[in-house]
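Novice: Dumping the structure here so I can ask a few things about it.
The values are calculated or read from the model by the stated rules, or taken from the named source; none is laboratory data. Just so it is clear, the structure is predicted and the values come from calculations on it, not from any experiment. All Cβ positions, even for glycine, are placed from backbone atoms using ideal geometry, and neighbour counts span all protein chains on display.
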Amino acid sequence: MRTIQSRFALFSVVLLAAAICPAQLTPWNKIQAPPLPAFTPQQPTRVQLPNGMVIFLQPDHELPLIEATARIRGGSISEPANKTGLVDLYGETWRTGGTKTRTGDQMDDFLEARAAKIETDGETDSTSISLDCLKGDFDAVFEMFLDLLRNPEFRADKLELAQDQMYTGIARRNDRVGSIVRRETRIIAYGKDNPYARVAEFTTVAAVTRQDLLNWHQQYVHPNNIIFGITGDFDPKAMQAKLEQAFGSWPKGPEAKQPDVKFTEPKPGTYFIRKTDVNQSTIAMLDLGIERSNPDYYAVTVMNEIFGGGFSSRLFSNIRSKLGLAYSVGGGVGYAWDHPGLTNIQMQTKSASTVEGIQALDKEIDDLQKNAATPEELKRAKDTILNSFVFQFDTPEKVLHEKMAYEFYHYPLDFLERYRAEVEKVTADDVTRVARKYVHKDRLAVLVLGNDSEFSTPLSSLGPVQNVDIAIPPPPAGLMGPGGE
Amino acid sequence: MKRWFAKLFCLLLLAVALPLAAQDLSSYEKQVSVKTLPNGLTVVLWRRPEAPVFSFFTMVDAGSAQDPRDETGLAHMMEHMAFKGTPDIGTTDYAAEKPALEKVEQTYAAYEAERIKRTGQDPQKLAQLKQAWQDAIAAADKYVVKNQFGEVVESHGGVGMNAFTNYDETAYMYSMPSNEIELWAALESDRMLHPVMREFYKERSVVMEERRMRTDSSPTGRLFEQFLGTAFMANPYHRPTIGYASDLQSFSATDAASFFHRYYVPSNMVIGLVGDLDPGKVFPIIERYFGQLPTAAKPVELFTDEPPQNSVRQVTLQDPSQPIYVEGYHRPSYLAPDDVVYDAISDILSNGRTSRLYRSLVRDKKIAAAAAGVTGFPGVKYGHLFAFYAVPLPGHSNEEMQKAFREEIEKLKAQDVTDEELQMFKTRTKADLIRGLASNEGLAEQLAIYQMRYGDWRELFRYLDRVDKVTKADIRRVSNTVFVDTNRTIGVIQTQTASGPPGAPASKGGE
């Protein structure tokens, strides 16, 4: 049985203990940090082969491991809409389907016995094949990697297995709040037919054939579409010779073309998804963001830091700490390498406080328009970005992956250094300017997912509400195992 | 903070994911220094001068298993409070704030006393007491500098700031540029010495939102709360780390402070530090700042051993979501001599595309999208579960999962695993240990956990000797002991459509 009196006494003890102050210690705000030791991260060596393939070598002798990735231009934004899911299936079946002379299962046995991995993947704008092994196994694993790169078989049984996995994902895609919100925010912001938002359905997955995968491979996997990066415990000269030997005689193929994707602003308003088995709403305010190449990118990152990034941002401090309305809250203007990012200001709050939550976010957006950055906020945000800058390149692997991304998206290879210099120049006026340019309350599409039977104020009190139907189109008859759906 | 639940799943994988040969140990020993301060705090430091940064992992040997009986969620709540500052951080005037916070506790105690009355509660008095409490909170809030602790860490270049609470422990971590080591020592020692319980009741609402997100509004969250509540009766693993809603709406800052004083004592904490740190310079700083923590004995461990199950148990969740199948078998704590044998079983059943469960349920029978058997659920410190789970393909039932698991378990009991399977486990464990050495954050965590759990960080490497000794006979023996009917608890989600029983939650756009 609890006794509240005795507990209170305990708290006094706390405060008493708290009152004992250390005598000789430097208070935290008087500590002078020595300058950070000069640190020049090792840069990878860039080699371009006559066939167009770009190779980055980044030796790292700390541990006896080697990792490599080939990133290939062309991804799901280039797949036909009626076969949405093709690149996902390709990314899975490329590896599991094996090579002309080895099944995927035989590869599994070989690799697992060496604690090694070869994996393939399909993304929005690229596909990839990677390896990860102990250095002593490199030659054998690399030989298998090359075989899979050049001679994949895409065996039909593994395509079926991958399709079954995707059907499972489709059937379950409305079970978890997070997966609904990730999908529907993109549909609302980009439009349902935009290649960055399209969703695989039973029919589009079922429409993909083995020939489609073979065709994809033939169309895209050519040395001039590939950026290859390797890091680990190897001798760079010997490795370069080995890679030139492996890739040098591979002839060029057709260039991968980026599809011409049209972007239109989302239609402003309130969108509602009813989910009756939750007691918490998710609110997402959406718009198109910017590209990283935009000169406003630097001021936008500073604004995001002030507004919705980290522990001391306005959203975290005001909506979480001060109002206690949310555990999860944050967001800002989105950015991407080569297309508009997704601007997403998001929170989750108990059903009853849904409207209160929207109003709290609205107020923060209004405040951002009026006063985007106090001098203290500007300093804090810039300090946060600049003082943590070393974490952008504190391992050779991170540096390698940065450079590969710049190469892939045709950014200058010193983009990271430029970024630091540009952030240093950002002023409070810049922050105000980009806040007014990219954040517009009346242009935002507001998505609410929740259980409206528990809302204390109806959503309609804020204006017209458009219901979003997320029902899953059923599979065609006979598509799946015994009993079907 | 955000990670406690994710951590729970990571812990499932802990035994699998951990794990070089002991003969290499001497080369690593040169990079590691260990110091136990006079007050009992142990610090393990691995010098890794690859880049001018460091990561730390402060581990407190108290988790939600230590939550008092009617105060579930308190260990996790305390973790949230460790970000609220100290007398020096997060306040405009601590001298004035201190009595204001005392007033909050007094008014809350009075309000609670009335609120929990079984008979004779006076609604008008209750409203007045609640108002007095709210007024006291508003008065204390005037002194708060919001999130100053986080702001100081982040503006000095700190990244990855977070914390988690699981059943076994509470932990705090971030990374900083290495020139900020003294600031780190000041900040970390300060909050382990005197955290101030400011904004407690707002933060309690934040944690309620966390519960809604992770448990109430998530099908697997709902299932696991019921499943653990059924599998365990006596051991504290039967209660949720996040806490039950009614406890989250009743415990006080005084309760959290009491928890802090009992468990956050130097002898109950280990700090792992990894990065560009010279022990000759860093240990004096640590002694200066962390030496302030008052000496106290390690709290006495009181817990109930789960009695033998002796019955088949099942929990069936009628839910609008798609089917999930889980079954768990009780096994002893991580200190059991067979601990590593469970790791071997889990690896052989679940690791990668050569694993038995993948090949059987996913590849050959084509009944599941994923299937695995994992140990360390939901913790490791006390007797816990070896758990199997499967995600059925559309059109396949939980019963099929159960039958397939039973076949695989019978195979483990009746026949030896192959030499290749056993060797794969040993090779992978070694390679994974090497891979784990690449990250400061990961290494700091491993050093702290091994130092705390075994009293010596070297066990991280010596573990490989135990791995090498596992035999096929061990695997059969343990399987025959543990995987028996009366040691099993089953948990399933059974899909309930809109036409289900009246009053039950219906699925709209959900099926």
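Novice: Within the range B:436-458, track down each residue that is assigned to a helix (DSSP H, G or I) and modelled with pLDDT under 95. Outline the logic, then answer.
Specialist: Just the residues of the range B:436-458 that are assigned to a helix (DSSP H, G or I), to begin with: B:436, B:440-454.
B:Gly436 - this is the single residue of the range B:436-458 that is assigned to a helix (DSSP H, G or I) and modelled with pLDDT under 95.
Novice: State yes or no: is A:Ile170 buried (at least 22 other Cβ atoms within 10 Å of the Cβ), at pLDDT 95 or above, of a type in the set (Val, Ile, Thr) and not in a loop (DSSP other than H, G, I, E, B)?
Specialist: no
Novice: Would you mind telling me which numbered condition in (1) surrounded by fewer than 21 Cβ atoms within 10 Å (Cβ to Cβ); (2) touching a strand residue (DSSP E or B) at 6+ places or on another chain (Cβ under 7 Å); (3) closer than 23 Å to B:Asp141 by Cα; (4) not hydrophobic (A, V, I, L, M, F, W, C) A:Gly324 fails?
Specialist: Going through (1) surrounded by fewer than 21 Cβ atoms within 10 Å (Cβ to Cβ); (2) touching a strand residue (DSSP E or B) at 6+ places or on another chain (Cβ under 7 Å); (3) closer than 23 Å to B:Asp141 by Cα; (4) not hydrophobic (A, V, I, L, M, F, W, C) one by one, A:Gly324 breaks only (2).
Novice: Another one. As an exercise: evaluate B:Lys381 against (1) over 20 Å from B:Asn487 (Cα atoms); (2) more than 14 Å from chain A (Cβ to nearest Cβ) and give the number of the one condition it does not meet.
Specialist: (1)
Novice: Take A:Arg314 and tell me if it is modelled with pLDDT of 95 or more, farther than 20 Å from A:Thr185 by Cβ and in contact with a Ser or Thr (Cβ under 9 Å, 6 or more places away or on another chain).
Specialist: Judged against the criteria, A:Arg314 is not a match.
Novice: Against the conditions (1) closer than 19 Å to A:Leu479 by Cα; (2) crowded, with 23+ Cβ neighbours inside 10 Å; (3) aromatic (Phe, Trp, Tyr), where does A:Phe202 fall short? Just the number, please.
Specialist: Condition not satisfied by A:Phe202: (2).
Novice: Let me ask something else about it. Which members of the range A:96-124 meet the condition of being in contact with a helix residue (DSSP H, G or I) (Cβ under 6 Å, 6 or more places away or on another chain) and more than 14 Å from chain B (Cβ to nearest Cβ)?
Specialist: Those that are in contact with a helix residue (DSSP H, G or I) (Cβ under 6 Å, 6 or more places away or on another chain) and more than 14 Å from chain B (Cβ to nearest Cβ): A:Thr99, A:Asp121, A:Gly122, A:Thr124.
Novice: Could I ask something else about it? In the range A:45-147, which strands (runs of 3 or more DSSP E) lie fully inside it and hold 3 or more residues that are aliphatic (A, V, I, L, M) and assigned by TED's automatic domain parsing to the domain that holds A:Lys192?
Specialist: By residue number, A:54-59, A:65-73, A:126-134.
Novice: Moving on to the next point. Would you check if there is a residue in the range A:153-160 being in a helix (DSSP H, G or I), touching a Ser or Thr at 6+ places or on another chain (Cβ under 6 Å), within 14 Å of chain B (Cβ to nearest Cβ) and among the charged types (D, E, K, R)?
Specialist: Yes, the range A:153-160 contains at least one residue that is in a helix (DSSP H, G or I), touching a Ser or Thr at 6+ places or on another chain (Cβ under 6 Å), within 14 Å of chain B (Cβ to nearest Cβ) and among the charged types (D, E, K, R).
Novice: Can B:Glu301 be described as farther than 23 Å from B:Asp168 by Cα and either surrounded by fewer than 20 Cβ atoms within 10 Å (Cβ to Cβ) or modelled with pLDDT under 95 (or both)?
Specialist: No.
Yes or no, residue by residue, for (1) of a type in the set (A, V, I, L, M, F, W, C); (2) under 30 Å from B:Ile324 (Cβ atoms); (3) more than 7 Å from chain A (Cβ to nearest Cβ):
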| residue | (1), (2), (3) |
| --- | --- |
| B:Asp141 | no, no, yes |
| B:Lys146 | no, no, no |
| B:Val159 | yes, no, no |
| B:Asp168 | no, yes, yes |
| B:Met176 | yes, no, yes |
| B:Leu193 | yes, no, yes |
| B:Glu199 | no, no, no |
| B:Met208 | yes, yes, yes |
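Novice: Related question: Taking the range B:107-146, which residues are closer than 30 Å to A:Val302 by Cα and either modelled with pLDDT of 95 or more or in a helix (DSSP H, G or I) (or both)?
Specialist: B:Asp141, B:Lys142, B:Tyr143, B:Val144, B:Val145
Okay, residues lined up against (1) crowded, with 17+ Cβ neighbours inside 10 Å; (2) more than 14 Å from chain B (Cβ to nearest Cβ); (3) outside any helix (DSSP H, G or I):
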| residue | (1), (2), (3) |
| --- | --- |
| A:Asp429 | no, yes, no |
| A:Thr457 | no, yes, yes |
| A:Ser460 | no, yes, no |
| A:Pro473 | no, no, yes |
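Novice: Would a scan of the range B:471-491 turn up a residue that is of a type in the set (Ser, Thr, Tyr), touching a Ser or Thr at 6+ places or on another chain (Cβ under 7 Å), surrounded by fewer than 22 Cβ atoms within 10 Å (Cβ to Cβ) and assigned by TED's automatic domain parsing to the domain that holds B:Gly379?
Specialist: Yes; the residues of the range B:471-491 include at least one that is of a type in the set (Ser, Thr, Tyr), touching a Ser or Thr at 6+ places or on another chain (Cβ under 7 Å), surrounded by fewer than 22 Cβ atoms within 10 Å (Cβ to Cβ) and assigned by TED's automatic domain parsing to the domain that holds B:Gly379.
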